[in-house]
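Enquirer: Could you have a look at this structure, given as structure tokens, before my questions?
The numbers here are math on the coordinates, done by the rules we state, and not lab data. Since this is a predicted model, take the numbers as computed values, not measurements. Cβ atoms come from the backbone with ideal geometry, glycine included; neighbour counts cover every protein chain shown.
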Amino acid sequence: AGRSMGNSSSRLYSALAKTLSSSAVPQHRDCLGQPDAAPLDPIDPKDLLEECQMVLQKRPPRFQRDFVALKASAASSHRPIRVMQWNILAQALGEGKDNFVQCPMEALKWEERKCLILEEILAYKPDILCLQEVDHYFDTFEPLLSRLGYQCTFFPKPWSPCLDVEQNNGPDGCALFFLKDRFELINSANIRLTAMKLKTNQVAIAQTLKCCETGRLFCIAVTHLKARTGWERFRSAQGCDLLQNLKSITQGANIPLIICGDFNAEPTEEVYKEFSNSSLNLNSAYKLLSPDGQSEPPYTTWKIRPSGECRHTLDYIWYSQHALNVNSALDLLTEEQIGPNRLPSFNYPSDHLSLVCDFSFSQDPDRLL
């Protein structure tokens, strides 16, 4: 089935059009500061989705992915908290550095790719959205998502590789968004990760939120660790630093924790083991999709570079298994859906798949296991 178009003369003066020209954004704005602009009018997500679908008319329809129910046991007494983790692929890197040899340049055009990313976010309606490789925060994600009701935070990499690309749009970094009508921000930390006491180019954001419905506190963190083979010990050091920071923020696991990230590490790597064996009692949500609940998905990224095919599991949603239940998780794309040219493509905007889980608080928070 094609994309349903609905009423083509859009009901709002194109929210997207306002974000089309990045020239509207002063280039010198300090990336860390929140813009002072008066809040724009709220957007109806249906209107924005319709606009995205108009832009995407010539593209194939979005892949069908289904949620897999995982917890038949304790019925949750509150609306689940939907968390989405996604490395969306920095525009400057997709066009300028990443060498996706089977992906036509046309598929990477920002005006359309942006709409594919937004369409996916609008389709799954996360309560909390954790993104990596965001290089269009100020001109696209912050203006639109704030109008959809999200509180938005961005922490760029100190030396982003995007800045080496000629037509770049500023540095890439991690971004965290949560729905203001569901959560209240208690505190927020921008963390620059260290390795062997040295500051690195990798960052994390950790926020303690209060769930309005239950009054429960929890901490949500987003990160993106150093890429590439040969950097395993470096990633391991960054993971240790992040865990130390999170231990103090959660008061030694008294506050439940969810960590989303592109760890750039397979499950065989040291940094994965650190998270698995941490005193924070973390489990990886996507293991629950496997038949025995013990193994990670076969891949979360699949691309073709000049050196050949790269199919890896690098993205994770970790959570406090004593305090939180995973009610359901979004199944990954099949090899058949991904197709022979792999990702990104006309169908799919990033080389990484999005991960989406529904969490609920355990009924018995005092039980530790």
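Enquirer: Which residue fluctuates most in the GNM of the chain (Cα springs below 10 Å): LEU198, LEU108, LEU179?
Expert: In this elastic network of the chain, the residue with the biggest mean-square fluctuation among LEU198, LEU108, LEU179 is LEU198.
Enquirer: For the pair LYS46 and ARG192, what calculated FRET efficiency results from E = 1/(1 + (r/R0)^6), where r is the Cβ-Cβ distance and R0 = 41 Å, to the nearest 0.05?
Expert: After rounding, the FRET efficiency stands at 0.55.
Enquirer: Scan segment 237-326 for chymotrypsin sites (Phe, Trp or Tyr not before Pro) in coil per DSSP, keeping those whose Cβ has at most 10 other Cβ atoms within 10 Å, and list them by number.
Expert: Here no chymotrypsin sites (Phe, Trp or Tyr not before Pro) fit, given the DSSP loop and packing criteria.
Enquirer: Please enumerate, by chain and number, the lysines with C-alpha under 28 Å from the C-alpha of LYS46, excluding those fewer than 8 residues away in the same chain.
Expert: Partners found: LYS18, LYS58, LYS109, LYS114, LYS125, LYS180, LYS210.
Enquirer: Any idea how far the Cα center of segment 242-279 sits from the one of segment 52-112, in Å?
Expert: So the two Cα centres are separated by 25 Å.
Enquirer: Using mean Cβ contacts within 10 Å as the protection proxy, how do 158-166, 303-311, 219-227 order, highest first?
Expert: Ranking, from highest mean packing down: 219-227, 158-166, 303-311.
Enquirer: Right, another one. Could you compute Rg(Cα) / (2.2 N^0.38 Å) for segment 297-369, with N its residue count?
Expert: Cα Rg divided by the expected 2.2 N^0.38 Å: 1.45.
Enquirer: OK, next. Sum up the charges of everything whose Cβ sits under 15 Å from the Cβ of GLU213, counting Lys and Arg as +1 and Asp and Glu as -1, but leave GLU213 out.
Expert: Around GLU213, the surrounding residues sum to +2.
Enquirer: Picking from GLN251, SER146, LEU40, whose Cα lies most toward the positive end of the charge dipole for the chain (charges on Cβ: Lys, Arg +1; Asp, Glu -1)?
Expert: Comparing the listed Cα positions along the dipole, GLN251 ranks first.
Enquirer: For segment 69-153, what Kirkwood radius comes out of the mean inverse Cα-Cα distance, in Å?
Expert: 14.9 Å
Enquirer: Quick check for me: using +1 on Lys/Arg Cβ and -1 on Asp/Glu Cβ, what's the dipole size of the chain about its Cα centre, in debye to the nearest 20?
Expert: Here the size comes out at about 340 debye.
Enquirer: Continuing with this model, one more query. Put +1 on the Cβ of every Lys and Arg and -1 on every Asp and Glu Cβ in the chain; which of HIS224, ASN325, GLY96 then has its Cα farthest towards the positive end of the dipole?
Expert: ASN325
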